[in-house]
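**Student:** Here you go, one structure.
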Protein chains: 2
Amino acid sequence: MTMEMFIHDEIPTDEVDRREKAVSALADSVRELVDATIRSTVPDEELAAVQAEVAALAARLRRQQLPGSAGVRYNSEGRSWNWGNAVVGRGNAVAPPVDIVHDGFGNAHAEMTLGAAYEGPPGMVHGGVSALMLDQIMGETASGFRRLTMTGTLTLRYRRPLPLGPVRMEARIAHEEGRKITVEAQIGVPGQDAAVEATGLFLIPSWAPIDETEEGWSRSAEG
Amino acid sequence: MTMEMFIHDEIPTDEVDRREKAVSALADSVRELVDATIRSTVPDEELAAVQAEVAALAARLRRQQLPGSAGVRYNSEGRSWNWGNAVVGRGNAVAPPVDIVHDGFGNAHAEMTLGAAYEGPPGMVHGGVSALMLDQIMGETASGFRRLTMTGTLTLRYRRPLPLGPVRMEARIAHEEGRKITVEAQIGVPGQDAAVEATGLFLIPSWAPIDETEEGWSRSAEG
């Protein structure tokens, strides 16, 4: 990942905030639709009728659209936005989205609810979904939004099944040496033993500075 | 995971096939809507108008719905279905969905396209999405749909960024001893070196038979 991968989009911050609200509201309704599509037992004819309307709505949204993915954008006021990210992207209905709280540099946690759309074994969170969520929080923890990091190795130990419902994850920098950062993390039912434990080795590429002083531009750019 | 986690749902196979078509068609349109929501640049007012219609459609689908997640179902004809799975579920718009081809026992591959909804670093597949996809194909490869397996440990080595677009993954059983099965897998741009390599240790729980002879009931139950 290089600086050039981030898009300088000179929109005033208050406009970005307004757009974020509109995008989030739509994506929240799309999340509801995703869940309802999985769980609905209405007759086939009704599914077909709804399908036609969904297709028409997608076409309306596509009248003006980006040529590709959303990417990560920033303005010169230091505001950045990453609405398309598969874990934290507010505009991406694949993302729960997760709201990661950084408790100072090197420590983060998040609580969220994973519903029917994240199922693997019956009634349980997909093991790969736990990996997806952990990769995001670990990457953010390694970078702290102040340096570029890339995932080198990720090791996940599955201790027990994780039921769909409320979950909590935590991550912390365990060790750091030069361009290598080791992050430890876990995910599980809040207040219970971890369901999945993870260790990740993150790398600062040789062409990137070891510590960025510019803040903000890489915010939420991990993943 | 125990046999009791799978739901015996005595629907004739031809009816299951018909329902699968209707559910898949709707979920495909919802996938389009997810993508369009990420990429749309129509005015805020239009987003709000579409949002209200999406909410109304979700409410229509919810008039009759399952109390929870979709789970894995089977009938006594040996047909099983797993439409809610986060990777392979045809009814789950979070899933691409991936169509995993099993080339005989212990070998599998899949090709799919990962679009804007699977983004991590700008223009790239989210590292955790690669983990999610690999976990599914590795779990299916370990079980071969003929025995119960659970993910024990999963190690992912990130070799190079994986651009959004067409991807291919492959998995094979590398080693097997008693209740321990080692699976190796990789994901990358078709025809190019792997972007992510994975090794997984899968376990057959002590209470489960080492080799199931009943076929079909656990089909697509991994994850």
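The values are calculated or read from the model by the stated rules, or taken from the named source; none is laboratory data. Since the structure is predicted, the reported quantities are computational estimates derived from the model, not experimental observations. Cβ sites come from the backbone with ideal geometry, for glycine too, and all protein chains shown count toward neighbours. When the accessible area is computed, the model is the full protein with side chains, heavy atoms only, and any ligands, DNA or RNA have been set aside. Shrake-Rupley method; radii C 1.70, N 1.55, O 1.52, S 1.80 Å.
**Student:** Estimate for me the total accessible surface buried between chains A and B (protein heavy atoms, probe 1.4 Å, no ligands or nucleic acids), in Å² to the nearest 100.
**Tutor:** Buried area between the two chains comes out at roughly 7600 Å².
**Student:** If we restrict to alpha carbons, what Rg and Dmax does region B:144-190 come to, in Å?
**Tutor:** In order Rg, Dmax, the Cα atoms of region B:144-190 give 13.5, 39 Å.
**Student:** For a quick check, take a GNM of chain A with Cα springs below 10 Å and name the residue from A:I137, A:I38, A:I173 with the largest mean-square fluctuation.
**Tutor:** Its mean-square fluctuation being the largest, the pick is A:I38.
**Student:** Mean Kyte-Doolittle of at least 1.0 and a Cα length of 15 Å or more along the axis: which whole DSSP H helices of chain B meet both?
**Tutor:** none
**Student:** Loop only per DSSP, at most 15 neighbouring Cβ atoms within 10 Å: give me the GluC sites (Glu not before Pro) in region B:139-219, ordered by residue number.
**Tutor:** Counting only loop positions with at most 15 other Cβ atoms within 10 Å, the GluC sites (Glu not before Pro) in region B:139-219 are B:E214, B:E215.
**Student:** Farthest toward the dipole's positive end in the protein assembly as shown, which of B:P205, B:I137, A:L57, given Cβ charges of +1 (Lys, Arg) and -1 (Asp, Glu) about the Cα centre?
**Tutor:** Result: B:P205.
**Student:** Also, quick follow-up: Over the heavy atoms of A:W83, what accessible area does a 1.4 Å probe trace out, to the nearest 10 Å²?
**Tutor:** Accessible area, nearest 10 Å²: 40 Å².
**Student:** Got a number for carbon plus sulfur as a percent of region B:111-154's accessible area, 1.4 Å probe?
**Tutor:** Taking all protein chains in place, region B:111-154 shows 54 percent carbon and sulfur surface.
**Student:** OK, next. What does the average come to when, for each residue of peptide B:74-87, you count the partner chain Cβ atoms lying within 10 Å of its Cβ?
**Tutor:** Across the residues of B:74-87, the mean count of other-chain Cβ atoms within 10 Å is 3.
**Student:** Sequence neighbours fewer than 8 away in the same chain don't count; with that in mind, list the aspartates and glutamates whose C-alpha is under 13 Å from B:K180.
**Tutor:** B:K180 reaches B:D211.
**Student:** Computing the accessible area with a 1.4 Å probe over protein heavy atoms, can you report the carbon and sulfur percentage for region B:1-95?
**Tutor:** Carbon and sulfur together cover 52 percent of it.
**Student:** Enumerate by residue number the trypsin sites (Lys or Arg not before Pro) in region B:144-201 meeting two conditions: DSSP loop (anything except H, G, I, E, B), and at most 14 other Cβ atoms within 10 Å of the site's Cβ.
**Tutor:** B:R159
**Student:** If you roll a 1.4 Å probe over the heavy atoms of the protein chains, what accessible area per residue do you get for the protein assembly as shown, in Å²?
**Tutor:** Spelled out: the 1.4 Å probe surface of the protein assembly as shown, per residue, equals 39 Å².
**Student:** May I pose another question? So if I restrict to the alpha-carbon atoms in chain A, what is the Rg, and what is Dmax, the biggest pairwise distance, in Å?
**Tutor:** Over chain A's Cα set, Rg and Dmax evaluate to 19.0, 61 Å.
**Student:** Listed highest first by mean packing, meaning other Cβ atoms within 10 Å per residue, what order do A:67-74, B:117-124 come in?
**Tutor:** Ranked from most to least packed, the peptides come out as B:117-124, A:67-74.
**Student:** Rounded to the nearest whole Å³, what is the per residue volume of the convex hull around the Cα atoms of region A:1-95?
**Tutor:** 115
**Student:** Based on the alpha carbons, how large is the Rg to Rh ratio for the protein assembly as shown when Rh follows Kirkwood?
**Tutor:** Rounded to two decimals, Rg over Rh is 0.96.
**Student:** 222 nm [θ] for chain A, helices only, -39500 (n - 2.57) per DSSP H run of 4+, per residue, to 500?
**Tutor:** -9500 deg cm²/dmol
**Student:** Loop only per DSSP, at most 14 neighbouring Cβ atoms within 10 Å: give me the trypsin sites (Lys or Arg not before Pro) in region A:26-69, ordered by residue number.
**Tutor:** Passing both the DSSP loop test and the Cβ count: A:R63.
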